[in-house]
Each structure stands twice: as C-alpha cells, then as structure tokens.
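> Have a look at this one.
The values are calculated or read from the model by the stated rules, or taken from the named source; none is laboratory data. Please read all numbers here as calculations on a predicted model, not as lab measurements. Cβ sites come from the backbone with ideal geometry, for glycine too, and all protein chains shown count toward neighbours. Heads up: the accessible areas ignore ligands, DNA and RNA and are worked out on the full protein's heavy atoms, side chains in. Shrake-Rupley method; radii C 1.70, N 1.55, O 1.52, S 1.80 Å.
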Amino acid sequence: MKQYDFKQMEKRWQRKWAEARAFAAQDFATDRKKAYVLVMFPYPSGDIHMGHLRNYAIGDVVARYRRMQGYNVLNPMGFDAFGLPAEQAAIDRGVHPREWTNQAVSTYRRQLIAAGISYDWDRMVNTSEPAYYRWTQWLFLKLYELGLVYKKDSPVNWCPEHGVLANEEAADGTCWRCGRPVVRRQLSQWFVRTTAFAEDLLAGLDELPGWPERIRLMQRNWIGRSEGTGVIFEIPALTESIEVFTTRADTLFGVTFVSIAPEHPLAERLADIGGTREDLAEFREKVMRQTSIDRSAEEREKEGLDLGVTALHPLTGREIPILAADYVLMEYGTGVVMGVPAHDTRDFAFAKKYGLDIVRVIEPLDAEDDILPYTGYGVMVNSGDLDGKSSSEGIALLNQRLAGAQLGGPKVQYKLRDWLVSRQRYWGVPIPLVHCEKCGWQPVPEEDLPVLLPEEVTFSAGDTARLANNPKFVSAICPRCGGPANRETDTLSTFMDSAWYYLRFCDPHNDRAPFDGSKIEYWMPVDNYIGGKEHTVGHMLYSRFVCHSLHRAGIIKFKEPFRNFFSQGILYKDGAKMSKSRGNVVSVDHFLEHYGADTARMISLFWGPPDRDVEWQEGGVEGCARFIKRAYGFFAEVWQQVSDAPQPPDQVKSQTAREILRIRHLAVKDITASMDEWHFNTTVSSLMIFLNQLTEVWQEAPAEVQQDNENRALMKEALLALVKLLSPMAPHLAEELWALADQEGFVMHAAWPTYDERHLKQKEIEYGITVNGKLRGRITLPATVTENRARDAALADERIRKQLKGRKVMRVIVVPGRVINIVAK
RNA sequence: GCCGAAGUGGCGGAAUGGCAGACGCGACAGACUCAAAAUCUGUUGAGGGCAACCUCGUGGGGGUUCGACUCCCCCCUUCGGCACCA
C-alpha cells in the first residue's frame with residue numbers, strides 16, 4: 001500500500017495554492033453569490049497553539065465549503081497589532097514594539113499557511129501600520145465630527161512609580177511591577193458617546209436572528225434598558241434641584257432621604273452649604289482609595305455622610321436629609337438616588353446605620369411576607385390619595401402626576417456607559433487632536449493624516465506617558481489659528497482599531513479612503529463572523545456602534561456588520577484554557593511536524609461540536625492520522641482498478657453497484673447536513689463511515705465483482721465524491737488524491753457533490769419491535785411493507801410471542817421504517 | 001444574588017419524540033512476526049445466566065405520551081457572564 005507523506009505533500013499543495021492565488025476573493029463578481037467568512041483577527045503574540053488552530057479550522061472549513069458550493073468567498077486575515085504586550089516586551093527585553101510585533105505577525109502567518117488555512121493574504125491588514133491607522137484616525141475624527149467624542153474626568157489605576165496601569169496590571173489591587181498599592185486617580189480622558197445609540201443598538205439585536213440567543217441576551221443585558229420615572233427634588237438652600245431615577249415610583253411616599261455619589265460635583269457644593277466640606281473631602285478620599293477589589297467585597301458595609309442640607313419631597317413637601325453614600329454610582333443614572341428604606345435592602349441597611357426614618361408604603365399581597373425591607377410589589381399605603389392602588393397603577397399615576405407638576409415623569413435609563421478610548425500608552429494610534437490655548441481642542445485636518453507614531457522611543461521603567469515626553473511629537477500648529485499648539489499624547493484603545501477592520505478587508509489597499517463604498521456594498525455584511533464569546537460585549541458592541549454611526553453619517557448603507565455570529569468553544573488542557581501563561585499549550589509547529597495539517601484540522605474539529613468547550617485528548621489524534629493514511633491507501637489502490645471504467649449506466653443492476661451507490665448518496669446527504677448545521681465533529685464521523693463502508697463493500701467482493709464494469713464505474717464515482725467531501729476538512733490529502741486521479745484543477749474549486757433520495761432506499765429495512773416501549777426484538781421487513789403486514793409480522797415473531805404470553809395486546813403502533821410498538825396489558 | 005449554558009459507557013462524544021451509546025480513543029482476545037512496533041479481524045454500558053435469553057440503564061425526583069436523552073414541573077452539580085444598576 002502506498003504511504004502518504006504528509007510533510008512533503010502538504011508543503012507542495014500550499015505552494016501550488018499560493019502560486020495559483022487559489023484563495024483570492026474577487027471584487028464585484030456577479031456570476032456567483034458572495035460569502036464573507038471572517039474569524040476574529042488575533043493579537044499576535046508568540047506563536048499559535050492548537051486552541052487557536054481550532055478556531056481558524058472552523059472558519060476555514062466553512063470558507064472552503066462555501067467555495068465548493070459556488071460562492072465567491074472573502075476569507076481574510078489580519079492582525080490587531082497594537083497593544084500592551086508589545087510595549088511590555090520592549091520594557092523587559094529592549095526590543096522595539098514594532099520589531100516584536102512584526103516578528104510575531106510573520107510567525108502567525110507562516111503557521112496559518114502551514115495549517116492550510118485558505119486566507120487571501122493579499123488582503124492582510126496590520127493595525128499598527130500607518131497605512132491602516134491613518135484610517136482609524138479618520139474614523140475617530142468622523143465620530144468627533146458627529147459630536148460623539150468628548151472629554152471628561154475619569155478614574156485610572158495609578159501607581160506612584162509606574163503611572164497608569166491597565167486593569168490586568170492592577171488585578172489584585174497592587175502594581176504588578178513593584179507591588180505598591182494601586183490608587184484611583186482622576187484623569188481627563190476621551191470618550192465616545194456609545195450611549196447615544198443605546199436604543200438603536202438594542203433594537204438592532206432583533207434583526208439579527210443569525211446570532212445565538214444567549215449572545216444577544218448578553219448584549220441586551222449590557223445595554224441594560226430600564227423603564228422608570230425621573231423624580232425632581234427641590235433643594236431650598238440652592239436654586240437648583242436634583243433629579244433621581246427610580247423603577248419604583250410606587251414607593252415614592254416612602255422616601256426619607258436622598259443619597260448622592262461622593263464624587264458628584266453637586267455633592268461638593270451641597271457640603272459647602274451644609275458646612276461639611278472637610279468631612280466630604282475626607283470621605284471622598286476614602287472612597288477613591290478603594291480599589292475594585294474592596295468595592296466588590298461581599299456584604300461590605302455601606303458608608304455615608306450627612307451633608308447637612310435638605311431636599312423637599314416632591315409630593316409631601318417634607319424636608320429630608322441629603323447624604324453622600326458610597327453605594328451610589330456616579331456612572332449610572334444621575335448619580336443621585338432616592339432612599340426608600342422600607343422597600344430597598346441597601347437603603348434599609350443604610351437607614352438603620354444612620355438612624356434615618358423608615359416608612360412602609362407597600363403592603364404585600366401575601367400578608368405572611370410582612371417583614372421589612374419588603375422589595376416586592378403590592379398595595380400602596382401611607383401614600384395619601386393613592387392608598388389602596390396597586391404598585392403598577394401607582395407607577396402609572398405618579399408618572400402622570402409628576403409630569404404634570406414639572407417634577408419629573410416617565411424616563412428610560414441605560415446601563416450602557418460611554419466608551420473610554422484614551423490610553424496612556426505608547427504602542428497605539430495617536431489621537432488626532434491638538435490643543436491650542438486660544439482655540440481649545442482642534443481635530444487634525446484629514447489631509448494631514450496620519451499623525452505618525454514616532455518610532456524613536458525610550459522604554460525606561462517609570463511612567464508610561466512616553467509620547468508626552470517627546471517634545472518633537474507634542475509640538476504642533478493649531479489648524480484653526482496657526483498658533484502654537486500641543487498634540488494629544490494619549491493613544492486610542494485597540495478596541496477602536498478592531499471596531500472597523502472587517503470593513504478594511506473589503507478594500508485593504510485604498511490610500512484615498514478607508515474603503516470604497518461600492519466594495520463595501522458588495523461584500524458587507526460579514527456573512528459568518530466567528531469568534532470567542534469573550535468579545536461579545538466589548539468588540540462586538542463597539543463594531544456595531546461604529547457601523548450605526550457611519551450609517552447615520554451617510555457613509556455606509558447598513559447598520560449591522562455581522563449577519564451571523566458563531567461563538568466558538570475553547571480548547572482546554574489539564575482542566576484549564578490553553579494559554580502560554582498556564583504552560584499547557586500544544587504548539588502548532590510541534591503538532592504539524594508529527595501529524596501534519598490535515599490531522600490537526602480534523603482532530604480539532606472531531607473533539608466536539610465547534611461551539612462547545614472541549615478538552616485536549618491525545619487519543620483521538622491517532623484515529624484521525626490513521627483515517628488519513630487509510631483514505632490515501634485505499635484510494636491509491638482502488639483507483640488503479642477503476643480509473644478506466646466506462647460511464648455508469650442509467651439503471652444499475654448489480655447488488656454491489658446499488659450498494660456503492662447508496663453508500664455514496666448517504667454520505668453526501670449526511671456530510672452536507674452536518675456541514676450546514678456546523679456539526680463538524682459528526683462530519684468527520686460521516687467521512688470515516690463513508691470510507692469504512694466503501695472499504696468493506698470492496699474488500700468483501702470477489703475478484704469478478706471488482707472487475708465488473710458497472711461496479712467499477714460506481715466505485716470510481718464514489719471515490720471522486722469522497723475526495724470532494726474530504727476537501728474542506730483535509731484539503732491537502734484531497735488535492736493529492738485529486739491529482740492522483742488525474743482530475744482537472746484543484747478539488748477545492750470543484751463543485752460540492754449532490755445526492756438523490758431515490759438511491760438511499762434499501763430493499764429491506766430492519767425494524768425494532770418494542771413492547772410498551774421496551775425493545776424486545778428485531779425483524780427485517782421489505783421496504784414496501786404495509787402497516788398491517790408489519791404488525792402481523794411483529795406479532796408473529798417468536799420472541800415477541802413469548803413476551804406477550806398471558807398479556808392482552810391493546811394496540812400496535814407502526815412507525816414506518818423505524819419501529820413497531822406493541823401496547824400490551 | 002441575577003442571567004445563561006451544560007450533565008449520556010473507562011474517555012471525547014452521537015441520537016432533539018420512535019431500536020440509547022453512531023464515529024473515534026482506550027481495553028481485551030486473535031492473525032501476521034523469532035520478537036516488538038505498525039497493520040488487520042473480533043469483542044467491549046452494567047448486572048445475572050452454561051446458553052437461548054432476562055433485568056437495569058442518559059445527574060435526582062415527579063409528570064405528559066402507545067413510546068422520553070429529547071417535551072413540562074421541582075431539585076442537585078459543574079462551568080461561564082454580570083454583579084451596590086436605584
């Protein structure tokens with residue numbers, strides 16, 4: 001039997017594909033439908049492992065399948081190349097981030113090619129190159145033009161020695177470099193107003209039936225729409241009033257105090273009036289010191305401070321105290337909350353601690369449940385003329401009443417926050433804004449883009465504001481008045497780079513615009529977006545936001561970039577996610593060296609359904625490697641016998657021929673179905689079954705049967721079908737066999753085989769016979785059997801008669817082609 | 001706490017109302033071999049029986065149905081996401 005030498009053969013096909021530009025997508029092809037298949041592009045670090053490969057294999061199987069179905073496929077890849085680890089490597093090893101990044105990019109690319117992934121590399125993008133980030137800056141300025149960019153104070157993790165830290169650098173509340181405690185410090189930073197599209201982003205989810213429901217749900221929860229009531233509290237000591245948001249207007253009569261976030265600007269003014277200025281400063285200091293860890297500590301006692309000022313209850317006119325409270329979030333709602341101790345757990349604990357009044361205003365419907373705080377709905381009491389109304393009636397009436405009195409009314413609140421895009425880092429896209437003493441912040445004119453990231457940089461330990469320390473970079477001219485100005489020295493979050501890269505793939509070399517409108521129209525939206533669920537609310541939401549805004553600006557015609565989303569599972573090993581830091585990676589290079597790309601692709605899909613997390617199993621690897629060897633050996637041997645067979649006749653006579661025909665059509669049916677459902681693990685099974693059945697039918701046949709022209713003709717067709725069906729999963733093997741069979745072109749461009757139900761029919765079918773649902777026997781019946789005959793045959797079966805002895809047959813149910821159930825008492 | 005996903009042989013998994021365990025791994029037995037590896041053949045859910053066969057079996061409990069891994073209700077476990085959201 002001929003041996004399959006994967007090392008040499010895989011290399012050869014990869015070269016031939018590249019030479020023929022076999023993976024190239026064709027802009028504007030009208031003879032075929034387009035299919036845009038996209039796997040989330042990676043941050044390039046080190047090299048890829050089998051966990052990554054599984055994701056790329058999923059996308060590649062889809063892309064190759066679509067090509068064979070006749071689609072014009074766009075299957076691109078690029079690199080999210082800005083970001084922290086490169087800067088880290090620079091500090092640790094003294095390599096320039098660009099060099100480090102480019103090194104990683106070329107390794108990734110080499111490995112992806114070696115795995116036979118069919119990317120159109122002519123379209124590769126690298127977000128750290130000026131040719132790309134120029135247009136990231138353009139995008140930022142578009143958002144700026146649309147009034148969606150603004151600056152505000154926001155806290156950062158701050159280490160006195162190392163400056164601003166990312167969350168993962170301050171994970172346990174101490175600096176990862178020096179171990180000093182991390183404090184929160186206010187810094188003026190750039191934000192993008194994602195909240196302006198909250199309603200659109202929410203509504204858009206309903207038009208994405210191709211997204212898994214749980215992913216849509218996560219986005220929905222993240223946007224966090226909540227309907228309620230705005231309530232205005234007048235503050236007699238101040239000419240201003242404050243507004244709160246509540247979903248429980250029915251508890252309004254139970255409000256006994258108002259709490260405000262300590263960092264709220266108004267808190268300071270209130271403290272001035274109340275004479276508690278210093279107390280507030282101290283309190284605020286204390287709260288700001290709390291790292292995220294302290295904040296999330298369970299059952300942490302709430303702390304507050306009476307500011308010494310009162311507000312007026314909008315309905316009763318009673319004076320109620322205003323307190324600063326650490327459980328009130330500046331970022332949500334108005335940063336001010338009404339306190340209803342009787343019906344809110346937090347307010348209750350808070351009121352107990354600070355001796356505030358507790359007034360019950362809701363009676364539960366179930367009198368048993370009569371302990372405070374009672375947070376459920378019920379009947380209103382102590383609420384003036386609203387006594388006796390239900391919670392929902394009360395909410396409706398109070399909405400009306402407050403609106404009528406100009407004291408608030410119905411309001412919708414979102415949990416979604418604006419997008420913080422400033423990073424105090426070097427290795428990122430410079431924010432294209434300059435600050436002029438006279439004219440304030442000014443956008444860099446489009447024709448002056450890109451604002452180049454200076455290549456010279458020193459990575460001394462210490463603060464991270466490397467651009468701010470570069471006078472050549474900082475000094476600029478105000479585009480408005482021509483006077484001296486300073487450049488913004490923050491860079492953009494890499495989420496901005498990745499929020500639009502899928503658009504750039506449609507037109508990656510355009511140097512006059514980020515993309516050509518007609519190309520975008522042709523390719524977008526992405527038909528199958530494949531990636532990890534960890535990006536569900538970050539990247540996926542920002543990308544949607546960018547398209548919604550570009551749509552509003554009239555630049556693109558669609559709002560939703562990803563028609564279908566497939567959330568791939570994670571590969572685990574030794575109970576943990578495969579990652580370099582865990583030291584449990586299986587290197588792709590190592591695996592390819594031992595088993596080759598086809599085995600790597602197959603096993604990574606065979607482990608389990610692609611959307612499910614799976615555990616690395618050494619065992620299955622051998623199975624796939626063996627399958628590939630057997631497929632090659634069987635094909636090479638049998639092809640010699642059948643290659644010169646004549647065309648098969650229209651009507652097949654011999655039993656062997658009919659069986660080969662049936663096996664082939666069944667395989668096409670099963671494999672097509674599992675591909676369509678993305679159940680690639682069962683695709684692999686079906687391929688194995690197909691080969692097993694062909695082997696069996698052929699090897700058991702005597703020589704004269706193998707020499708029969710009809711049988712040979714059908715075997716030849718079956719073998720060619722096998723090669724095509726193998727092609728998406730094991731493309732190198734398939735090409736090798738295709739060439740061995742002397743077929744034209746690449747099998748990857750051949751048409752996907754079809755099947756005909758007529759050939760699936762068997763003359764005889766084995767039925768299971770069950771008595772009261774339990775299997776008691778089997779019987780083989782002609783496929784054309786009538787229900788009556790099937791029933792009689794089942795009842796006549798000896799085993800069944802024994803089972804039924806002494807029992808009375810009540811009913812018999814015949815399920816055609818499957819089972820006969822006898823109901824007996 | 002809230003939301004979501006998942007629990008099937010020794011292992012990965014298959015079957016979404018019709019013969020549970022396809023396919024693969026592992027294990028056992030056999031063939032080839034001086035021997036081993038590789039390869040091939042057979043067996044392999046558990047328990048009972050010399051056997052033909054019988055009983056049990058998809059996290060647990062209940063229900064619907066002629067029939068439930070599959071649908072409904074309650075519970076348990078594991079894993080993910082969010083978490084002072086007013």
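> Percent relative contact order of chain A, based on C-alpha pairs within less than 8 angstrom and at least six residues apart?
Reported relative contact order: 14 percent.
> Among A:LEU208, A:PRO479, A:VAL361, pick out the residue whose Cα is farthest towards the positive end of the charge dipole of chain A, where Lys and Arg carry +1 and Asp and Glu carry -1 on C-beta, about the Cα centre.
A:LEU208
> What lysines does A:LYS802 reach when the alpha-carbon gap must be under 18 Å and sequence neighbours fewer than 8 apart in one chain are set aside?
A:LYS774, A:LYS825
> Follow-up question, since we're still on this one. Starting from the Cα of A:LYS415, move 7 Å in the Cα-to-Cβ direction to define the label point; list residues of region A:333-368 whose amide nitrogen is under 13 Å from there.
Correct set: A:333.
> Note down the magnitude of the dipole of region A:618-758 about its Cα centre, charges +1 on Lys and Arg C-beta and -1 on Asp and Glu C-beta and zero elsewhere, to the nearest 20 debye.
Around 120 debye, computed over region A:618-758.
> A further question follows. At a Förster radius of 41 Å, what calculated FRET efficiency corresponds to the Cβ-Cβ distance of A:LYS151 and A:ASP676, to the nearest 0.05?
That pair, A:LYS151 with A:ASP676, gives E of 0.25.
> Could you tell me the accessible area of A:MET124 in Å² (1.4 Å probe, neighbours in place), rounded to the nearest ten?
50 Å²
> So which of A:LYS716/A:LYS761; A:LYS302/A:LYS415; A:LYS142/A:LYS519; A:LYS519/A:LYS724; A:LYS151/A:LYS302 end up more than 24 Å apart, counting from Cα to Cα?
Too far apart for the 24 Å limit: A:LYS519/A:LYS724; A:LYS151/A:LYS302.
> To the nearest 0.05, how large is the calculated FRET efficiency for A:VAL474 and A:LEU365 if R₀ is 51 Å and r is the Cβ-Cβ distance?
In this case the efficiency is close to 0.15.
> I would also like to ask the following. Just to make sure I understand: if all protein chains stay in place, what is the order of A:THR458, A:THR239, A:THR229 by accessible area at 1.4 Å, largest first?
A:THR239, A:THR458, A:THR229
> Can you find, among A:TRP17, A:GLY173, A:PRO410, the residue sitting farthest towards the positive end of the charge dipole of chain A, where Lys and Arg contribute +1 and Asp and Glu -1 at Cβ?
A:TRP17
> Same structure again: R0 = 22 Å: FRET efficiency of A:LYS580 with A:LYS7, Cβ-based, nearest 0.05?
0.25
> Could you order peptides A:776-788, A:547-559, A:58-70 by the average number of other Cβ atoms within 10 Å of their residues, highest first?
Sorting A:776-788, A:547-559, A:58-70 by mean packing, highest first, produces A:58-70, A:547-559, A:776-788.
> Return the sequence-ordered ³J(HN,Hα) values of region A:152-161 in whole Hz as given by the Karplus equation 6.51 cos²θ - 1.76 cosθ + 1.60 applied to θ = phi - 60°, using x for Gly and Pro.
Result, ordered by residue: 8, 6, 8, x, 10, 7, 10, 10, x, 8 Hz.
> Further, regarding this structure: Mind giving me the nanometre distance, one decimal, between the label points for A:ARG185 and A:VAL381, set 7 Å out from Cα along Cα→Cβ?
5.5 nm
> Tell me, in nm to one decimal, what length is gained between A:GLU213 and A:GLU161 on full extension, where the rule is 0.36 nm per residue of separation less the Cα-Cα distance?
Fully extending the segment from A:GLU213 to A:GLU161 adds 14.2 nm.
> Tell me the carbon and sulfur percent of the accessible area for chain A, rounded to whole percent, probe radius 1.4 Å.
Carbon and sulfur together cover 48 percent of it.
> What list of ³J(HN,Hα) values in whole Hz, one per residue of region A:230-238 in order, does the Karplus curve 6.51 cos²θ - 1.76 cosθ + 1.60 (θ = phi - 60°) give from phi, with Gly and Pro shown as x?
x, 10, 9, 10, 6, 10, x, 6, 10
> Sticking with this one: Per the Kirkwood treatment, what hydrodynamic radius in Å, one decimal, follows for region A:643-717 from the mean inverse distance over all distinct Cα pairs?
Computed over region A:643-717, the radius equals 13.1 Å.
> Just add up the charged neighbours of A:ARG512: K/R +1, D/E -1, any other residue whose Cβ is under 14 Å from the Cβ of A:ARG512.
It works out to a net charge of -2.
> Once the Cα atoms of helix A:618-642 and of chain A are each reduced to a long axis, what angle between those two axes, in degrees from 0 to 90 to the nearest 10, is obtained?
For helix A:618-642, the angle is close to 40 degrees.
> Amide H to amide H under 5 Å from A:ALA35: which residues, 5+ apart in sequence or cross-chain, H placed 1.01 Å off N in plane?
It is A:ASN72, A:VAL73, A:LEU74, by chain and number.
> What is the gain in length, in nm to one decimal, between A:HIS509 and A:ARG630 on full extension, counting 0.36 nm per residue of separation less the C-alpha to C-alpha distance?
So the chain would gain 39.1 nm between A:HIS509 and A:ARG630.
> What residue among A:LEU781, A:LEU804, A:ASN821 has its Cα farthest toward the positive end of the dipole of region A:764-824, where the charges are +1 on Lys, Arg and -1 on Asp, Glu, each on the Cβ?
A:LEU804
> Please report the accessible area of A:ARG193 (heavy atoms, 1.4 Å probe, ligands and nucleic acids excluded) in Å², nearest 10.
80 Å²
> Given 37 °C and 0.692 mPa s, how large is the Stokes-Einstein diffusion coefficient of region A:226-413 in µm²/s, with Rh as the Kirkwood radius over Cα pairs?
It comes out at roughly 194 µm²/s.
> Okay, next question. To make sure I understand the rule: partners must be lysines, Cα under 28 Å from the Cα of A:LYS580, and not fewer than 8 residues away in the same chain. Which ones qualify?
A:LYS7, A:LYS11, A:LYS533
> Additional query: Mind pulling up the Rg/Rh value for region A:742-820? Radius of gyration and Kirkwood radius, both on Cα.
1.32
> How far is it, in nm, from the label point at A:THR239 to the one at A:SER518 when both lie 7 Å from their Cα along the line to the Cβ?
Once both label points are built, they end up 6.0 nm from each other.
> Just the number, please: Stokes-Einstein D of chain A in µm²/s, Kirkwood Rh from C-alpha pairs, 10 °C, 1.306 mPa s.
Roughly 49 µm²/s, to the nearest whole number.
> Follow-up. Report P(r) for region A:618-758: all Cα-Cα distances, bin width 5 Å, range 0 to the bin holding the largest distance, values in whole percent.
Values per bin, smallest distances first: 2, 10, 20, 23, 22, 14, 7, 2, 0, 0.
> Amide H of A:GLY777 versus every other amide H placed in the peptide plane: which residues, excluding those fewer than 5 positions away on the same chain, fall under 5 Å?
A:ILE769
> Show that you can apply the helix-only estimate: for chain A, add -39,500 (n - 2.57) for every DSSP H stretch of four or more residues, divide by all residues, and state [θ] at 222 nm to the nearest 500.
-12000 deg cm²/dmol
> Using modelled amide H (1.01 Å from N, peptide plane; none on Pro or chain starts), what sits under 5 Å from the amide H of A:ASN584, excluding residues fewer than 5 places away?
A:SER579
> Let me ask another. In nm, what is the difference between 0.36 nm times the number of residues separating A:ALA396 and A:ARG778 and their Cα-Cα distance?
Length gained, A:ALA396 through A:ARG778: 130.9 nm.
> Might you work out the accessible area of A:VAL95 for me, using a 1.4 Å probe with all protein chains in place, and round it to the nearest 10 Å²?
Only protein atoms counted, so the area is about 40 Å².
> For A:GLU161, A:GLU488, give me the order by solvent-accessible area with a 1.4 Å probe, most accessible first, ignoring ligands, DNA and RNA.
Putting A:GLU161, A:GLU488 in descending order of accessible area: A:GLU161, A:GLU488.
> Students sometimes get this wrong: rank A:MET578, A:MET288 by accessible area, probe 1.4 Å, all chains present, largest first.
A:MET288, A:MET578
> Also: Roughly how many whole Å is it from the C-alpha centroid of region A:223-267 to that of region A:375-401?
Cα centres, region A:223-267 to region A:375-401: 18 Å.
> Under a point-charge model restricted to the Cβ atoms of Lys and Arg (+1) and Asp and Glu (-1), what is the dipole moment magnitude of chain A relative to its Cα centre, in debye to the nearest 20?
2620 debye
> Which value, in debye to the nearest 20, gives the size of the charge dipole of region A:764-824 about its Cα centre, when Lys and Arg are +1 and Asp and Glu are -1 at the Cβ?
The dipole of region A:764-824 has a size of about 420 debye.
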